[in-house]
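For reference, the structure discussed in these notes is given below.
The values are calculated or read from the model by the stated rules, or taken from the named source; none is laboratory data. As the structure is a computational prediction, the values presented were derived from the model and not from experiment. Because the Cβ atoms are built from the backbone with ideal geometry, glycine has one as well, and the counts that use them run over all protein chains shown. Calculation scope for accessible area: heavy atoms of the full protein, side chains included, ligands and nucleic acids excluded. Shrake-Rupley method; radii C 1.70, N 1.55, O 1.52, S 1.80 Å.
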Amino acid sequence: MSRTFIRNAQVFDATGAAPYPADVLIEGNRIRAVATDLGSIEAIGADVIDATGMTLMPGMVEGHSHPTFTGVNMPAELGDIPPEEHLILTIKNTRLMLDHGFTSLFEAASAKLRLGVVTRNAINAGDFIGPRMRAASPEITTTAGLGDERRAHIYRESFALIADGPEEMRKVARLCMREGVDNLKINVSGDDFVTHAKASVTPMSRAEIAMAVEVGHEFGKMLVAHSRSAESVKRCVEAGVDCIYHCDQSDEEALDLLERNKHKHFVGPAFGLLYNLRYEHEKLGMTKEFLVDSGLDRAFDVSCETYHEMRRRGIRVVIGGDYGFAFTPQGQNARDISHFVRFFGYSPIEALQCATKVGADLMGMKDELGQVREGFLADLLLVRGDAVADVGLLEHKDNIAMVMTDGRLWKDPRRNIVREALPLAAE
Ligand SMILES: [Zn+2]
């Protein structure tokens with residue numbers, strides 16, 4: 001069994017405790033010992049890494065990840081990519097996120113039915129090293145909902161599956177079960193960039209949502225929803241959707257419902273998208289007027305108010321910002337941690353917990369992932385400097401000196417080796 005000894009690290013263990021100096025021993029894929037009594041661990045024969053001046057923390061969990069999103073401007077363009085090229089781009093994205101310290105990806109939707117599933121299977125089979133993954137279905141929507149990119153006069157591929165009425169929903173959801181998804185994604189509300197279904201509109205009916213939940217839960221899978229309108233949040237809580245994204249227009253009633261059921265639900269703001277639109281729109285050739293007129297600019301302010309409330313009410317919130325569009329490049333994902341501190345009122349420790357411990361809970365692995373604790377899985381990072389004093393350090397991959405996934409070194413701080421340069425096969 002392989003043994004790795006990390007000595008003299010500043011440990012952020014994600015339990016909520018302040019960072020402390022410790023030595024950590026990893027055996028196989030598990031954390032064997034965390035010793036605050038420095039020098040007390042017997043580590044003869046172990047591979048030794050000196051972590052002086054570095055923060056040891058759990059690998060991060062991307063709670064709203066889209067490894068199948070390839071830097072397109074609009075989601076409709078995802079339908080134009082042939083499946084063969086799309087799979088390769090997806091695999092590249094999972095490895096890019098590993099480089100940036102994300103050792104788990106909770107997929108929020110796959111652009112094609114089998115892309116996330118096949119990528120997850122290949123990682124689990126050891127065909128290549130990648131993050132842990134829960135694979136999502138494509139976005140399931142209704143005619144005229146977010147993701148219905150069809151046109152009356154011409155055939156057009158998109159990134160969504162269409163289901164109208166509970167019986168069509170049953171069939172589409174069962175198809176996703178057959179193909180092996182972990183997360184069933186439904187688009188319950190519209191969005192402000194969709195001309196015919198704005199964020200305040202809720203096209204998916206209670207009966208359709210209930211059917212998706214019935215099928216998904218029967219197969220032991222999670223339900224995840226795109227929900228911006230207050231009405232969509234209420235319908236999702238009532239139906240038992242596990243992870244409800246955005247929720248920015250939540251009113252008092254929606255927040256109360258979420259709070260009363262907080263042990264059942266996760267939420268995620270996907271705030272990176274709104275931040276980049278507000279602060280980096282000029283790079284994209286967008287005007288401020290477009291953002292204001294479309295409602296996207298208002299969504300930023302509304303999100304800030306809503307997530308102050310989510311934090312105050314103790315609702316479980318995960319990071320993940322809809323990265324993967326041209327204006328939200330993959331690799332920026334850790335920006336969300338700084339956003340939580342700057343815009344939602346989280347302390348740095350709380351925001352880092354959203355990126356680790358809460359994310360592990362979302363992955364369904366809270367008892368063995370997302371914390372630096374004896375017996376937990378060895379998904380670990382070494383960050384150059386004090387990552388709690390400056391959470392912004394995590395935004396730059398050069399600051400992430402070590403990435404360990406399931407006990408294996410992907411990035412080695414002693415040799416500055418990134419395994420991206422090596423062949424695809426795992427060792
Ligand atoms: Zn998304």
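Miscellaneous remarks
- Unique match (being under 20 Å from the mean Cα position of the chain (by Cα) and of a type in the set (Val, Ile, Thr)) among THR90, THR52, THR36: THR90
- Filtered residues of region 291-311 (kept if touching a Leu at 6+ places or on another chain (Cβ under 8 Å) and of a type in the set (Phe, Trp, Tyr)): PHE300
- Qualifying residue in region 251-273 (condition: away from the ligand (no atom under 16 Å from the Cβ), of a type in the set (A, V, I, L, M) and either on the phi > 0 side of the Ramachandran plot or crowded, with 23+ Cβ neighbours inside 10 Å (or both)): yes
- So GLY39, is it open to solvent by 10 Å² or more (accessible area, probe 1.4 Å), on the phi > 0 side of the Ramachandran plot and within 16 Å of the ligand (Cβ to nearest atom): no
- Filtering region 291-315 to residues that are touching a helix residue (DSSP H, G or I) at 6+ places or on another chain (Cβ under 8 Å) and surrounded by fewer than 16 Cβ atoms within 10 Å (Cβ to Cβ) leaves VAL292, HIS308, ARG313, GLY314.
Rundown of residues vs (1) without any contact (Cβ under 8 Å) to a residue 60 or more places away in the chain; (2) open to solvent by less than 10 Å² (accessible area, probe 1.4 Å); (3) of a type in the set (Phe, Trp, Tyr); (4) touching a helix residue (DSSP H, G or I) at 6+ places or on another chain (Cβ under 6 Å), yes/no style:
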site: ALA108; (1), (2), (3), (4): no, yes, no, no
site: ALA122; (1), (2), (3), (4): yes, no, no, no
site: GLU139; (1), (2), (3), (4): no, no, no, no
site: GLY147; (1), (2), (3), (4): no, yes, no, no
site: ARG150; (1), (2), (3), (4): yes, no, no, no
site: LEU161; (1), (2), (3), (4): yes, no, no, yes
site: LYS171; (1), (2), (3), (4): yes, no, no, no
site: VAL201; (1), (2), (3), (4): yes, no, no, no
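- Residue in region 98-118 that is over 28 Å from VAL194 (Cα atoms) and either within 14 Å of the ligand (Cβ to nearest atom) or hydroxyl-bearing (Ser, Thr, Tyr) (or both) present: yes
- When THR94, THR70 are screened for being surrounded by 24 or more Cβ atoms within 10 Å (Cβ to Cβ) and more than 13 Å from the ligand (Cβ to nearest atom), only THR94 passes.
- Hey, VAL233 touching a strand residue (DSSP E or B) at 6+ places or on another chain (Cβ under 9 Å) and either modelled with pLDDT of 95 or more or open to solvent by 10 Å² or more (accessible area, probe 1.4 Å) (or both) or not: yes
- Residues of region 274-290 that are crowded, with 17+ Cβ neighbours inside 10 Å and away from the ligand (no atom under 16 Å from the Cβ): HIS281 alone.
- Being aliphatic (A, V, I, L, M), open to solvent by 30 Å² or more (accessible area, probe 1.4 Å), under 24 Å from LEU105 (Cα atoms) and in contact (Cβ under 8 Å) with a residue 12 or more places away in the chain is a property that ALA326 has.
- Residue match in region 238-246 (condition: surrounded by fewer than 24 Cβ atoms within 10 Å (Cβ to Cβ), away from the ligand (no atom under 16 Å from the Cβ) and over 25 Å from ALA355 (Cα atoms)): yes
- Top-ranked residue of region 54-64 - restricted to ones that are touching a helix residue (DSSP H, G or I) at 6+ places or on another chain (Cβ under 7 Å) and within 13 Å of the ligand (Cβ to nearest atom), ranked as farthest from ASN93 (Cα to Cα): GLY63
- Sole residue being over 24 Å from ASN183 (Cβ atoms) and not aliphatic (A, V, I, L, M), chosen from THR4, THR70: THR4
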